[in-house]
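Contents: one structure, followed by commentary.
Please treat every number below as a calculation from the coordinates, not as lab data. These numbers come from a predicted model, not from an experiment. Here the Cβ is made from the backbone with ideal geometry for all residues, glycine too, and neighbour counts use every protein chain on show.
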Amino acid sequence: MNTMILRRSAWPILALAVLTFACAQPDAVLTAKIKTSLAVDSTVKASQIEVSTQNKVVTLTGNLDSQAGKDRALQIARSTSGVVEVVDMLAVRTGAESGDAPDPDRTVGAHIDDAVITAAVKSRLLDDPQVKGLRIDVDTRDGVVFLTGSVGTREELDRAVEIARATEHVRDVKPNLVISSG
């Protein structure tokens, strides 16, 4: 009889535990939900956005081509069930930096120069012992270098910017780096 009572009283506890676990959304699940929503949205270029989640706080990082894309990405993240807060680390490229349409005054040589700058900066980041270059994306437009990704410390962020600025033919550096422990 006591065993029967224990079994009956265990079911509600087990059901509560399963329900609690099912309702709790781990950070990886939130990240996946947001990435999927961004990928299917026609306004957003999901490939330009990095999504990371820690303790249900979502950080969006990237260099976007339009303000509409940025606004929509933030709206998607904020409206995702389970998200507590959204940290906006998105930048919108303007004018010649945007890449929205080909610039008729921009020569093939200018495109090649940007590719050479990108390769040089990336190589220098990978060679530096203080910087984890694999976690930093480098993009160059008209000599302006965009650094996107994550670093472990403020010192690493400063060093990455210093390396990019010191690279030959770099006109400016736009760091869009997030400091994260993971």
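Okay, here's what the table says:
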{"item": "Packing-based exposure ordering (other Cβ within 10 Å, fewest first) of 167, 53", "result": "167, 53"}
{"item": "Computed FRET value (nearest 0.05) for residue 45 with residue 130, which takes r as the C-beta separation and R₀ as 45 Å", "result": "0.90"}
{"item": "17 Å Cα-Cα reach of residue 132 towards lysines, excluding residues that sit fewer than 8 places from it in its own chain", "result": "122"}
{"item": "Sequence of 122, 35 once ranked by neighbouring C-beta atoms within 10 Å, starting from the fewest", "result": "35, 122"}
{"item": "Separation of the residue 88 and residue 68 label points, Cα + 7 Å toward Cβ, nm", "result": "1.8"}
{"item": "Least to most buried among 43, 140 (fewest other Cβ within 10 Å first)", "result": "43, 140"}
{"item": "Residues of type lysines that residue 33 reaches as a straight line, Cα spacing below 18 Å, ignoring anything fewer than 8 places off in the same chain", "result": "45, 56, 70"}
{"item": "Pairwise FRET efficiency - residue 116 versus residue 81, Cβ, R0 = 30 Å, nearest 0.05", "result": "0.10"}
